[in-house]
Amino acid sequence: MKKAIAFLFILFFLISPCLASEPLTAIDVLLDPDDSMVVKAQADNLRLRENYPAGFALDVTHVPHISVLQCYVRTRDLDKVSDAVKRVNVAQDPVGMELNATGYFAASWKGLGLAGITVAPTPQLLKYQEAILSAVSPFCAKQGTVAALVPNEDGKPSDEAIASYINTFASKQTGKNYNPHVTIGLCRQDFVREMTEASYTPFTFKIRSVSIYQLGDYGTARKKLWPSAKW
């Protein structure tokens, strides 16, 4: 018996490095807004890039979206994750959900402003997020790194702060702490301050679809994984 236990301990220590290095993918289960939001987000993004040309553009590899859950999952479990999201969508179809854009927000990001359009949470949206969190959590991995992100085209390393944000999304950005928004880009802090302080005309938009993307730098939705792409 003692020999068997000792063997199991040795086996665990031999395979644990392999488990620790198992490939992870940083994902975003997100809501795709309709054209009324997309057009406004892209127009705002253009304004930001005129102020700060080095910022990213909203395009097919940086799509406007509302994050529901960001997390790291084992790459081998991506099919299981998509199946879990499908089940939630059957039970709580969010397509056509009406949401209200209420203004701009900005977060300080290494001397710049990371700006977005705020979206008022609704009971339906919060219930949907709760269901997605419950369904996907069994596949979430802890302590993911920037290696799980889509690399920047220019070879610039992704910001480590993004890795931390994704690691804590489930605990800090859900439920009563959920801050739904559409990220619109980077700009200089004085410019984004003027944006957030100016008057804003709220508008209503609808959800067009649900997608899963692999995340990139700044929490952008870079690579579509589901439903139109293969893992």
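Computed from the coordinates by the stated procedures, all read-outs in this text should not be read as laboratory data. In this text the structure is predicted, and so the values were computed from the model without any measurement. We place every Cβ from the backbone using ideal geometry, glycine too, and count neighbours over all the protein chains shown.
Full extension of the chain between Gln42 and Lys142 gives 32.7 nm of extra length, using 0.36 nm per residue less the Cα-Cα distance.
Listed by chain and number, the aspartates and glutamates placed with their C-alpha closer than 16 angstrom to that of Lys176 are Glu130; residues fewer than eight positions away on the same chain are left out. Mind checking which of Val95, Val29, Ala57 is farthest towards the positive end of the chain's charge dipole, using Cβ charges of +1 (Lys, Arg) and -1 (Asp, Glu) about the Cα centre? Of the listed residues, the answer is Val29. Proximity of backbone amide H atoms, modeled 1.01 Å from N, is registered between Ser158 and Asn152 at under 5 Å, excluding neighbours fewer than 5 places apart on the same chain. Using the Karplus relation 6.51 cos²θ - 1.76 cosθ + 1.60 with θ = phi - 60°, the per-residue 3J(HN,Hα) values for the stretch 94-109 come to x, 5, x, 4, 8, 10, 10, 7, 10, x, 10, 9, 9, 10, 5, 9 Hz, with x marking Gly and Pro. Its DSSP H runs of at least 4 residues, each contributing -39,500 (n - 2.57), put the calculated 222 nm mean residue ellipticity of the chain at -12000 deg cm²/dmol, to the nearest 500.
Cβ-to-Cβ counts within 10 Å put Ile27, Ile207 in ascending order as Ile207, Ile27, the fewest first. Within 10 Å, at most 11 other Cβ atoms, and a DSSP state outside H, G, I, E, B define an exposed site. Report the longest part of the chain free of exposed trypsin sites (Lys or Arg not before Pro). That would be 1-109.
Please give the helix 35-51 orientation as an angle from the longest Cα principal axis of the chain, in degrees from 0 to 90, rounded to the nearest 10. Tilt relative to the chain: about 80 degrees.
Do me a favour and compute the ellipsoid semi-axes for the stretch 93-181 from its Cα gyration tensor, root of five times each eigenvalue, largest one first, whole Å. Provide the component values of the computation, followed by the final result.
On the way: eigenvalues 129, 78, 28 Å².
With the √(5λ) rule applied to the stretch 93-181, the semi-axes are 25, 20, 12 Å.
Annotation: for a label point projected 7 angstrom from Cα along Cα→Cβ of Arg188, residues of the stretch 52-67 with backbone N closer than 14 Å are 52-55. Rounded to the nearest 10 degrees, the inclination of helix 160-172 to the longest alpha-carbon principal axis of the chain is 90 degrees. Give the cross-link partners of Lys223 among the lysines, using a straight C-alpha distance below 20 Å as the criterion and excluding same-chain residues fewer than 8 apart. Output for Lys223: Lys80, Lys86, Lys156. Each residue of the stretch 149-231 gets 159 Å³ once the volume of the Cα convex hull is shared out per residue.
Run through the stretch 111-161 and list the GluC sites (Glu not before Pro) located in a DSSP loop whose Cβ has at most 13 other Cβ atoms within 10 Å. If you can, show how the numbers build up before the last one.
On the way: sites: Glu130, Glu153, Glu160; in loops: Glu153.
In loop regions of the stretch 111-161 (DSSP not H, G, I, E or B), the sparsely surrounded GluC sites (Glu not before Pro) are Glu153.
Pairs of Cα atoms nearer than 8 Å and 6+ residues apart set the relative contact order; for the chain it is 34 percent.
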